[in-house]
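The values are calculated or read from the model by the stated rules, or taken from the named source; none is laboratory data. Everything numeric here is computed off the predicted structure, so don't read it as measured data. Because the Cβ atoms are built from the backbone with ideal geometry, glycine has one as well, and the counts that use them run over all protein chains shown. Heavy atoms of the whole protein, side chains included, go into the accessibility calculation; ligands, DNA and RNA do not. Shrake-Rupley method; radii C 1.70, N 1.55, O 1.52, S 1.80 Å.
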Amino acid sequence: MPAFQTNLLNQKIYAPYKIAALVDAVAAQGIAPEVVLDGLGLDREALADPATLVCIKQYIDACTNVIEAGANLSTPFETAARLHLTAYGMYGYALLTSPTIRDYFNFGVKYHPLATPTLHMTWRESEESAIFAFKEAYSYITNIDTRNFLIQQQMGQNVIHIRDAVGPSLTPTKALLAYSDEGTRDIHEKYLCCECHFDQEASEIHYPKEILDQSPLLGNQLSIKLLQETCNQLLGQTKMSSGITGEVYQILMMSPNSFPSMEAVANTLCITTRTLRRKLDAEMTSYREILDDARSALATEYLLATKMSTDDIAARLGFSDSANFRRAFKRWTGKSPHQFRKSG
């Protein structure tokens, strides 16, 4: 397995809420917490400790443990049913307050790295549908049952979360599964609330396109801007701590007055630009996105900790003029530099 995937999998930067939900989901089946947590370096008390942080690999291994213990076939969906948006902290509350479902979809994909991601998630529009697609993200997962478990759980969460935001009346039009039925069609259709098609080229959930302009029950333009600011900070911290993304982020932060190009960063890491691009894509990001995060983090620091003018900050961060910087800062935080400095 490539080193960058190993680094991402083993970064202990997430709360253990998914592991706790899995423990609770299988308890009624007679599977003890010790079985779920075998080999993870955790006990039940640690799951209730707010200071505990876990990595993606620990959750994947916990899923494999319950599969090997004979958990029933509905377990991934039952686990998903325990993971409402309120379990996801600022990320979850931000999704709940998205002004429209289109904003919800965009936000959900962009900030998915905050949610202990076990899959790569994207969305797109067709003529009739709004479509979420789920792909494997880690070559570490070689067990086919574990891979399918994670897809089922993620798809179950997708349905639960959108219904949290919009209400129980919203259901998908169909689900596509990139694996065989094997007697689980009824379980899938019960929890995904739609007709399911197996042996497809991809795993997807389709929603009617007209929902994209619908407003979530708690949609609030002001709240989402405030929560997005926090999520930007959290996402920056996550990226700074994870894999090849973290290495690129740290290289950029070491040269804040003259950000190195992607080619220069690749040379520093002793790899080709093509390899760097491929590795960043595997971690669901890009050089441009990391540079954007680095600029955002430095801009907020300069505004709060120095008396530098907006023009000086714009120049230091490599913007061609202060107007472009102000537009970027508004996109990052929902506030102008002046408003941000005043509120800080």
>> What does the net charge come to around Lys174 if you take all other residues with beta carbon closer than 12 Å to its beta carbon, with K and R at +1 and D and E at -1?
In response: -4
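How much accessible area per residue does the chain have, counting only protein heavy atoms and a probe of 1.4 Å, in square angstrom?
Values: 15880 Å² over 344 residues.
Spelled out: the 1.4 Å probe surface of the chain, per residue, equals 46 Å².
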>> Please list Asp321, Asp38, Asp293 from largest to smallest accessible area, probe radius 1.4 Å, with all protein chains kept in place.
In response: Asp38, Asp321, Asp293
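Going through the cross-link list Lys12/Lys110; Lys12/Lys135; Lys12/Lys342; Lys135/Lys209; Lys174/Lys335, which pairs have a Cα-Cα distance over 30 Å in this structure?
Values: Lys12/Lys110 20 Å; Lys12/Lys135 23 Å; Lys12/Lys342 35 Å; Lys135/Lys209 22 Å; Lys174/Lys335 39 Å.
Table pairs above 30 Å Cα-Cα are Lys12/Lys342; Lys174/Lys335.
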> Taking all protein chains as present, what is the carbon and sulfur share of the accessible area of the chain, in % to the nearest whole number, probe 1.4 Å?
Replying inline: 50
>> Just to confirm the number: angle between the C-alpha axis of helix 101-110 and the first principal axis of the chain, 0 to 90 degrees, nearest 10?
In response: 80
>> Whole-Hz ³J(HN,Hα) for each residue in the range 148-160, computed from phi via Karplus 6.51 cos²θ - 1.76 cosθ + 1.60 with θ = phi - 60°, x for glycine and proline: what do you get?
In response: 5, 4, 5, 5, 4, 5, 5, 5, x, 4, 4, 5, 4
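Work the Kirkwood hydrodynamic radius out for the chain: mean of 1/r over every pair of different alpha-carbon atoms, inverted, in Å.
On the way: mean 1/r = 0.0465 Å⁻¹.
Evaluated over the chain, this radius sits at 21.5 Å.
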> Based on DSSP H runs of at least 4 residues, each adding -39500 (n - 2.57), what is the mean residue ellipticity at 222 nm of the chain after dividing by all its residues, to the nearest 500 deg cm²/dmol?
Replying inline: -16500 deg cm²/dmol
>> For the range 3-120, compute the orientation-averaged projected area of the C-alpha convex hull (one quarter of its surface), in nm².
In response: 7.9
> In the calculated pair distance distribution of the range 177-285, what percentage of Cα-Cα distances lie above 16 Å?
Replying inline: 75
> Normalized C-alpha radius of gyration of the range 46-191, against 2.2 N^0.38 Å?
Replying inline: 1.05
>> What is the angle, in °, between the Cα long axis of helix 322-333 and the longest principal axis of the Cα atoms in the chain? Nearest 10 is fine, range 0 to 90.
In response: 30
> Would you list Glu127, Glu78, Glu136 from the most to the least accessible area, probe 1.4 Å?
Replying inline: Glu127, Glu136, Glu78
>> Which order do the peptides 211-223, 279-291 come out in when sorted by mean C-beta neighbours inside 10 angstrom, highest first?
In response: 279-291, 211-223
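Work out, step by step, the length gained on full extension between Lys135 and Ser336: first 0.36 nm times the residue separation, then minus their alpha carbon distance; give nm to one decimal. Walk me through the intermediate numbers first.
Details: separation 201, 0.36 × 201 = 72.36 nm, distance 3.71 nm.
Length gained between Lys135 and Ser336: 68.6 nm.
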